[in-house]
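One structure is given below, encoded as structure tokens.
Every read-out reported here was derived from the displayed coordinates using simple, explicitly stated rules and does not represent laboratory data. All of these numbers come straight from a predicted model, not from anything done at the bench. Cβ coordinates were reconstructed from backbone atoms using ideal geometry, including for glycine residues, and neighbour counts include every protein chain displayed.
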2 protein chains.
Amino acid sequence: MSSIRDIALKAGVGIGTVSRALNGTGYIAEDTKKKILNAARELDYKPNDPVRSLYRNRSAIVGIVVPDIEHPFFTGLLKHVEQELFQYGYRCMVCDITGKERRELEFLEMLQQDVMDGLIICVDPLAGVDIESIRKPLVCIERKWSENIPLIHSNHIKGGELAAGLLKDAGCRRVLQFAPVGAEKDPFMNRHSTFRRIMEESGIEVLQANILSNRMGYEYDGQYVKQFSDLIEKADGIFAPDLVAAGCLKEAVEHGRKVPEELKIVTYDAMPLTRLVNPTLTGVAQDVLRLARVAVDTIMKIINGNSSVDCDLTIDVSFQKGGTV
Amino acid sequence: MSSIRDIALKAGVGIGTVSRALNGTGYIAEDTKKKILNAARELDYKPNDPVRSLYRNRSAIVGIVVPDIEHPFFTGLLKHVEQELFQYGYRCMVCDITGKERRELEFLEMLQQDVMDGLIICVDPLAGVDIESIRKPLVCIERKWSENIPLIHSNHIKGGELAAGLLKDAGCRRVLQFAPVGAEKDPFMNRHSTFRRIMEESGIEVLQANILSNRMGYEYDGQYVKQFSDLIEKADGIFAPDLVAAGCLKEAVEHGRKVPEELKIVTYDAMPLTRLVNPTLTGVAQDVLRLARVAVDTIMKIINGNSSVDCDLTIDVSFQKGGTV
């Protein structure tokens, strides 16, 4: 039995477009509509297919809660989540919690009221919220709310090993590590513990610069990094998230230090902006497209009643060649 | 007569929170709820206030259509639009049209079906769409769809003057201008025509590099800019959008040119990433927060039935001091 997905594939259009054409609701170019109806006929599509009825009584909306839309990692994640949802004929409601106390709750409430069919959470767990009691489609990216909610995250152990290996092999003796305090349960912290362990095992001194885990976005520019300028001066290697790494590069070069000769920098996430600075930042790249895709595939499975969903999904990281190591 | 806005102000919370507290729907901390109910009592709030009833039969959702979430200008715009909508107790549905042919139509259709109460459009007009016939709350930012739809845009004439003045006063004799082809009706094109006019009046040669107006985001990195490397080599001044400007800076420095001594660069938009590169890009800053705020205020007026809305709203631009001029 054919589905609207088969029709979409055959006609070369999105599922949403097929759904609109079959429901006869407006705003489809005539030739596109004809193509879809032809594909439906050829595939002997029956309008009461279970796949089609699945879309009844649904909002066809999935929400995503992020700490800061403007933080490059979450910008990329939001972009890809929106695109992947579109493949399923779903739309994306966005919630940026910056400066809004406990705004996540509003989205959890909307989920319970069926304003949306599912929610993708990318922010720290909220004290006092019994997430298990919500019993609606939920998926987490990089933040662990509960054992029973699927968690999609990068392989940060490999990431930490890659980063440590780069600075170790380059002969660094005293490295500065920017890491958030708290959030120990979250998978992304593995990069920091792994990095530190390897450094210590190799007899390399580790200087620590604490960053607040809710401090995101471009405040990590030159101004923010300046408070650590003494530590940057002392180090011959730096391990930092993208915006901090770019800020450190700028700060160091302004103080006359040669990168990578005198100071090596390894960035983490390696979002596109790290290829715009000069030199390009060497680092560990997260596969943001894949994180988004697996998160959306997983929440769609749950929405469609599939109960056999893996609760811990690890996405590979990779090496970004650059000019700072 | 007091409104939920007065209560929100008095209790120091958002309108959405007040609405939830008064409707008795879950997920509000007990002390917050108490604070809101006390404020409502003190202000002698009547639950059948017209302001409150306004929120009935509404989706409390406004959509925004952008060319590319990851383009820094639209990332900033989306962030602020979402935040401003939140002040009104509204949520934000996002539509990124990258790679999705005529996807705007889906959002226009949802608007007609009252899935959302209004739509903010930041993409080029679509051929064959009779936008006037839609008769729902619509606002455009930087893209002109019709005389009768409010258009919020920066003062690009002033922006073009500022940019031209910077390169002229610095003594440039041959400048390279990156400008999109087409889109002549859109207000942002005024920066380019103004810039060119002043250059020509001053006897300064203008080299043109055409950029496609639908080409957005980080493809404008080193790889993209490289195809213009001959033109960059010939110029002593560059006027370009943020990502292109950052790419030009990188390309020029890699070819051993001194910035700003041998080559001056003026960026446009001046989003935060332009302060992370070294040196910081000198340029013209758009007031993205203000663009977002005026767009949201305007669409909320229309949603609330206020017909006296200005159809052309100009937002000031400003000078960003940097190290490239």
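State, to one decimal in nm and shortest first, how far the label point of A:Phe319 sits from each corresponding label point in the other identical copies (label point: 7 angstrom along Cα-to-Cβ).
In nanometres, ordered from closest: 4.8.
Would you kindly derive the ³J(HN,Hα) couplings of the stretch A:80-86 from the backbone phi angles with the Karplus curve 6.51 cos²θ - 1.76 cosθ + 1.60 (θ = phi - 60°), listing them in order in whole Hz, with x for Gly and Pro?
6, 4, 4, 5, 5, 4, 4
Counting every Cα pair in the stretch A:239-325, what percent are over 19 Å apart?
49
Find how many whole Å separate the alpha carbon centroid of the stretch B:120-193 from the alpha carbon centroid of the stretch B:294-320.
16
Binning every alpha carbon pair distance of the stretch B:156-287 at 5 Å from zero, what are the percents per bin?
So the P(r) values, bin by bin, are 2, 11, 23, 26, 23, 12, 3, 0.
Calculate how many DSSP beta bridges within chain A are antiparallel, expressed in % of all such bridges and rounded to the nearest 5.
About 10 percent, rounded to the nearest 5.
Stokes-Einstein at 4 °C, 1.567 mPa s, Kirkwood radius from Cα pairs: D for chain B in µm² s⁻¹?
Translational D for this selection: 60 µm²/s.
Against the empirical 2.2 N^0.38 Å scaling, what ratio does the C-alpha Rg of the protein assembly as shown come to?
1.00
At 222 nm, what helix-only mean residue ellipticity would chain A give, in deg cm²/dmol to the nearest 500, using -39500 (n - 2.57) for each DSSP H run of four or more? Kindly include the intermediate steps, with their values, before the conclusion.
On the way: 12 runs with 127 residues, N = 325.
After summing the helix terms and dividing by residue count, I get -11500 deg cm²/dmol.
Assume the label is 7 Å from Cα along Cα to beta carbon: what separations in nm does B:Gln113 have to the matching positions in the other copies?
Values, ascending and in nm: 2.1.
Which cross-chain or sequence-distant (5 or more) residues have an amide H under 5 Å from the amide H of A:Ile315, H modelled 1.01 Å from N in plane?
Placed amide hydrogens put A:His153, A:Ser154, A:Asn155 under 5 Å from A:Ile315.
Excluding A:Met116 itself, calculate the net charge of residues whose Cβ lies under 12 Å from the Cβ of A:Met116, where each Lys or Arg counts +1 and each Asp or Glu counts -1. Walk me through the intermediate numbers first.
On the way: positive: A:Arg58, A:Arg91, A:Lys136, B:Arg91; negative: A:Glu106, A:Glu109, A:Asp114, A:Asp117.
Net of charged neighbours comes to 0.
Does the stretch B:56-161 come out rounded, prolate or oblate, given a ≥ b ≥ c as the square roots of the eigenvalues of its C-alpha gyration tensor, rounded meaning a/c under 1.5 and, failing that, prolate meaning a/b above b/c?
It is rounded, given that a/c, with a ≥ b ≥ c, falls under 1.5.
For chain A, what does the relative contact order come out to in percent, with C-alpha contacts under 8 Å and a separation of six or more?
Taking the mean separation of contacting Cα pairs over the length of chain A, I get 17 percent.
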